[in-house]
Amino acid sequence: MTAVYNFAAGPAMIACDVMQQAREEFIDWQGTGMSVMEMSHRGKDFMGIAAQANADLRMLLNIPDNYKILWLQGGASTQFGMLPLNLLGARKDADYFCTGAWSKKAIKEAQRFCQVNIVASGESENFTTIPESNTWQFNPDAAYVHYTSNETIQGVQFADMPDVGDKFLVADMSSDILSRRIDVARYGVIYAGAQKNIGPSGLSIVIIREDLLGNVTPNMPSMYDYKIHADNDSMYNTPPTFAWYMAGLTFQWLLKEGGIEAIAQRNQHKAEKLYAAIDMSGFYRNPVAKPYRSRMNVPFILADAKLDARFLEEAARVGLLNLKGHRSVGGMRASIYNAMPEAGIDALIEFMQTFEKEHA
Ligand SMILES: *Cc1c(COP(=O)(O)O)cnc(C)c1O
């Protein structure tokens, strides 16, 4: 493959092995003479692909039997609305952590359907930290507690899942699912868009505890009802079949690489290396409080913002792509999901050091 490293936040890099296998099977999946894209979602071949992906995800994340995995469309953004519609029941309140741009979007959408209590907000600190747990304020009437485990734009990540007592947690894990071990049994719902750490865009995965199904707000479209998707094994309508297949290839790759523990270790090592290089330099800076630095998205700014364009141009010339930070934060951002090899981190660090020598 061409020697480029794609640091985009999403859609993002997909593991090279996965891409190669998809290429080999693209026109003729296992002697069927058909591409997965051309198969009926109700045919035996695709049903097999779907079931295997389901089983592999269950194994990777150790998902208990009383949880359903839903394969949906509409991105994580659709979940921002589906969650309150399915989880509020008779309640009118929900708790939300506000730790960055994606939390804010989730909150804004939830406010269309309920009263949102902000448990804690990092906004006054420009989302460079997460407030200490002794400042958190829960609403006893809240139906659930929502948080964004990794803020893709600000590069802020919860080090551990927040302790919310007897309330159940709902987590947007779009940008860190499958990057580290989680205890699924402590969540009510986990959801993620696929395009960061799983596969192509167009697929969202929802992992939901069975007893939470069946409470959708009356008179909603069927497609907004988690129970309808669960009862139909995510085939109430045509699911995003090719993305589901690609996700399955990624899960097999992860298992082959040693599963979540192995990938988590690798992610920690990759992130530590990059943060160390940033912290050691007098030229680059990451503004996030150390305990909350993301292992997936590493924003950094240059000592002189006038050099940004030059940095991006020279980086691209050596195959380091899509390092531009989100427009709301500025500077740079290196997204280093599971599929980013350590060699990509090494190449980035080497480039950064050379650039610093030439321009500092
Ligand atoms: C990318 C992202 C989203 C939005 O995902 P879409 O699939 O574009 O709707 C939501 N939350 C987080 C944390 C994200 O990183």
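May I ask you to say which residue of A277, A309, A271 is free of Cβ contacts under 8 Å to residues at least 12 places away in the same chain, of a type outside the set (K, R) and in a helix (DSSP H, G or I)?
Working: A277 fails: free of Cβ contacts under 8 Å to residues at least 12 places away in the same chain; A271 fails: free of Cβ contacts under 8 Å to residues at least 12 places away in the same chain.
A309 is the lone residue from the list that is free of Cβ contacts under 8 Å to residues at least 12 places away in the same chain, of a type outside the set (K, R) and in a helix (DSSP H, G or I).
Which residues, taken from segment 163-183, are buried (at least 16 other Cβ atoms within 10 Å of the Cβ), at pLDDT 95 or above and either farther than 24 Å from P11 by Cβ or away from the ligand (no atom under 16 Å from the Cβ) (or both)? Before you say what the answer is, go through the steps one by one.
First, the residues of segment 163-183 that are buried (at least 16 other Cβ atoms within 10 Å of the Cβ): 164, 167-180, 182.
The next check asks that each one be at pLDDT 95 or above; those that pass are 169-180, 182.
Residues satisfying the conditions are L169, V170.
Here's the yes/no breakdown for (1) under 25 Å from the mean Cα position of the chain (by Cα); (2) without any contact (Cβ under 8 Å) to a residue 60 or more places away in the chain; (3) within 16 Å of M246 (Cβ to Cβ):
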{"position": "F7", "(1), (2), (3)": "yes, no, no"}
{"position": "M13", "(1), (2), (3)": "yes, no, yes"}
{"position": "R23", "(1), (2), (3)": "yes, yes, yes"}
{"position": "Q30", "(1), (2), (3)": "no, yes, yes"}
{"position": "P64", "(1), (2), (3)": "yes, no, no"}
{"position": "L70", "(1), (2), (3)": "yes, no, no"}
Any hit, segment 25-39, residues being acidic (D, E) and either touching a Gly at 6+ places or on another chain (Cβ under 8 Å) or part of a loop (DSSP other than H, G, I, E, B) (or both): yes
Complete set of residues in segment 66-91 that are in contact with a helix residue (DSSP H, G or I) (Cβ under 7 Å, 6 or more places away or on another chain), away from the ligand (no atom under 16 Å from the Cβ) and not aliphatic (A, V, I, L, M): N66, Y67, K68, N86
Among (1) at pLDDT below 95; (2) under 18 Å from F7 (Cβ atoms) - the single one F351 does not satisfy: (1)
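Kindly check whether there is at least one residue in segment 318-332 that is charged (D, E, K, R), part of a helix (DSSP H, G or I) and farther than 14 Å from Q157 by Cβ.
Our first condition is that a residue be charged (D, E, K, R); within segment 318-332, this holds for 324, 327.
Checking the rest, the ones that are also part of a helix (DSSP H, G or I) come to none.
No: segment 318-332 contains no residue that is charged (D, E, K, R), part of a helix (DSSP H, G or I) and farther than 14 Å from Q157 by Cβ.
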Selection from segment 304-318 of residues that are farther than 29 Å from P131 by Cβ and aliphatic (A, V, I, L, M): L307, A309, L312, A315, A316, V318
Options E109, E151; residue that is within 14 Å of the ligand (Cβ to nearest atom), charged (D, E, K, R), free of Cβ contacts under 8 Å to residues at least 40 places away in the same chain and surrounded by 17 or more Cβ atoms within 10 Å (Cβ to Cβ): E109
Which listed residue, of G248, G199, is buried (at least 18 other Cβ atoms within 10 Å of the Cβ), in contact with a helix residue (DSSP H, G or I) (Cβ under 7 Å, 6 or more places away or on another chain) and in a helix (DSSP H, G or I): G248
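The values are calculated or read from the model by the stated rules, or taken from the named source; none is laboratory data. No experiment lies behind these values; they were computed from the predicted model shown. All Cβ positions, even for glycine, are placed from backbone atoms using ideal geometry, and neighbour counts span all protein chains on display.
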